[in-house]
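Dumping the structure here so I can ask a few things about it.
The values are calculated or read from the model by the stated rules, or taken from the named source; none is laboratory data. Quantities reported herein were computed from a predicted structural model and do not represent experimental measurements. Cβ atoms come from the backbone with ideal geometry, glycine included; neighbour counts cover every protein chain shown. With ligands, DNA and RNA removed, areas are computed over all heavy atoms of the protein, side chains included. Shrake-Rupley method; radii C 1.70, N 1.55, O 1.52, S 1.80 Å.
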Amino acid sequence: MFRTRKYLMVLLSAVAFIFTVAFQPQKEKNEVLTKEQLGEKLFFDPILSKGMAISCASCHIPDFAFADSAAFSRGDKGTLLPRNSPALTNLSGRTEFFWDGRAASLEEQVLGPLSARDEMDLPIEEAVERLKKNDFYSAAFQSIFKSEVNSKNFLSAIASFERTLETTNTPYDRYLEGDQKAMSPSAIRGRILFIGKANCSTCHSGEDFTADRFKSIGLFNGKEFTDPGRFKITSDSSHIGVFKIPGLRNVAVTAPYMHNAMFKTLRQVVEYYNTPDKFVKNSINRDLSLGSSLNLSEGEIDDVVAFLEALTDDRFRKK
């Protein structure tokens, strides 16, 4: 039911886009027709960073499901950022954003890196004034929003583009629709393990494989691993080492993994969950569901990885 609803939402968005393009008068190549298109142009434009050195797409690269293939992205001044850049696909239904959940909407999420000194370092007031002075953007905002550029419509444009990044065209989705050959036998076995023995669905549930909750998977021990996660936002001691559970759609193209980018492959991720104590000694506040080994065999680990790879939308699958 949930996947069908999401599929219809994506389909209707696509139809609306095609209708807009097909039935509007021909525009200049550089002109935009909708707030989503305006947001897309802004997303790829370095005009939104202080020194015009990076754009949103510098850290959220389309080929990698709008994540970064580097462990840590670099900001406008070349500063190495402290956490791995998360993917931006399938966020329209989420309720908190960033690894620590400090934003409650996509609009607020846009504001974060824009104003952060080590990231784009461009306070929104400066961003708005810069766009007002730009002939193209000044005219585009007036045409689309019937208003000059302001903080609200600026954030709305980029967030609207990000809401179009929904993906449902995967081998897994086709398998659910009845195509028994859409997934490999290994991936089919992996799905059963994902739901059962591997216990993945406890945290990664729903159509986007995230329960929209926060968990500590044991990547904090106060020594080698010192990022306190959500605790930094809430000051609640029960949140030490707690991070947002990410969705798993397109996860096969978003390496490296975890907020600290400590795993280079999906196999390493599954191996960690299988025996976390082998990777992090004396972890603090680790969730009870990760209290003991899963006892997955090498073959079963391969099967879980195969299932995770089947969650990749066709637009991101390597030819």
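Confirm whether residue 306 is at pLDDT 95 or above and in a loop (DSSP other than H, G, I, E, B). Step through it out loud before you land on a result.
Numbers: at pLDDT 95 or above: yes; in a loop (DSSP other than H, G, I, E, B): no.
It is false that residue 306 is at pLDDT 95 or above and in a loop (DSSP other than H, G, I, E, B).
Let me spell it out: the conditions are (1) open to solvent by 40 Å² or more (accessible area, probe 1.4 Å); (2) closer than 16 Å to residue 87 by Cβ, and residue 232 meets all of them except one. Which number is the exception?
With (1) open to solvent by 40 Å² or more (accessible area, probe 1.4 Å); (2) closer than 16 Å to residue 87 by Cβ applied to residue 232, the lone miss is (2).
Tell me which residues, restricted to segment 193-218, are part of a loop (DSSP other than H, G, I, E, B), more than 15 Å from residue 244 (Cβ to Cβ) and open to solvent by 30 Å² or more (accessible area, probe 1.4 Å).
First, the residues of segment 193-218 that are part of a loop (DSSP other than H, G, I, E, B): 196-199, 203-213, 216-218.
With more than 15 Å from residue 244 (Cβ to Cβ) added as a condition, the list becomes 196-199, 207, 218.
Within segment 193-218, 196, 197, 199, 207 qualify.
Then there is this: So residue 243 ticks every box in (1) touching a His at 6+ places or on another chain (Cβ under 7 Å); (2) without any contact (Cβ under 8 Å) to a residue 60 or more places away in the chain; (3) buried (at least 20 other Cβ atoms within 10 Å of the Cβ) but one. Which box is left unticked?
Exception for residue 243: condition (2).
Further question on the same structure: Can you name the residue in segment 54-81 that is part of a loop (DSSP other than H, G, I, E, B) and touching a His at 6+ places or on another chain (Cβ under 9 Å) and is also surrounded by the fewest Cβ atoms within 10 Å (Cβ to Cβ) among such residues? Steps first, please.
So in segment 54-81, the residues part of a loop (DSSP other than H, G, I, E, B) come out as 54-55, 60, 65-66, 68-73, 75-79, 81.
Narrowing the set further to residues that are touching a His at 6+ places or on another chain (Cβ under 9 Å) leaves 66, 68, 73.
Numbers: 66: 25, 68: 23, 73: 21.
Within segment 54-81, the match that is surrounded by the fewest Cβ atoms within 10 Å (Cβ to Cβ) is 73.
Assuming residue 249 fulfils every condition listed in (1) crowded, with 22+ Cβ neighbours inside 10 Å; (2) more than 17 Å from residue 200 (Cβ to Cβ) apart from one, which condition is it?
So residue 249 meets the others, but not (2).
Return the residue satisfying two criteria in turn: it lies in segment 82-112 and is assigned to a helix (DSSP H, G or I) and open to solvent by 30 Å² or more (accessible area, probe 1.4 Å), and of such residues it is farthest from residue 231 (Cα to Cα). Talk me through it step by step, then tell me what you get.
Restricting attention to segment 82-112, the residues satisfying the condition of being assigned to a helix (DSSP H, G or I) are 106-112.
Restricting the remaining residues to those that are open to solvent by 30 Å² or more (accessible area, probe 1.4 Å) gives 107-108, 111.
Numbers: 107: 23, 108: 20, 111: 21 Å.
Checking each candidate, the answer is 107.
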